């Protein structure tokens, strides 16, 4: 069974940096990136993340088939999944060549991710946003998204060996 670590936090909370620091201790790291550069600002964010990573790390860009990618690379050491939030966004919104997924289907993918960690070896570090501290979104899509991400975070937290929350760059161990 792989060691599963969940790191939660808001935007610019230090969660990615914590994940990278934890992974740096592993002999082999695969950075599993789920972001899609849909606009210039997002492309710049992705570029900054790339620059921060060790050149010795393997980067796999996979916005859809995350469970398969984790299954493939987990036995090689440590996998950093950056990030659950964007992966679930991709699944929920879809694209013309990828149909949008429903709530139950998305949570089934999260169950598959947990199963991959339980069947694998090494370490899986999952980075996710904690967005449940804000107001209830004003539209249906926003409400459905915070619901599915909140449930996904809970599933992962229950299954995880350790859970951290980051606020203002300071990690707090929850589990």
- Task: Would you be able to say whether some residue in the range 160-168 is under 12 Å from the mean Cα position of the chain (by Cα), within 23 Å of residue 46 (Cβ to Cβ) and surrounded by 13 or more Cβ atoms within 10 Å (Cβ to Cβ)?
- Result: no
- Being crowded, with 19+ Cβ neighbours inside 10 Å and part of a loop (DSSP other than H, G, I, E, B) is the filter; apply it to the range 15-42 and report the residue that is modelled with the lowest pLDDT. 35
- For residue 99, state whether it is over 22 Å from residue 146 (Cα atoms) and without any contact (Cβ under 8 Å) to a residue 24 or more places away in the chain. no
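The values are calculated or read from the model by the stated rules, or taken from the named source; none is laboratory data. Owing to the predicted nature of the structure, the values given are computational and were not obtained by experimental measurement. Using ideal geometry, Cβ is built from the backbone for each residue, glycine included, and neighbour counts are taken over all protein chains shown.
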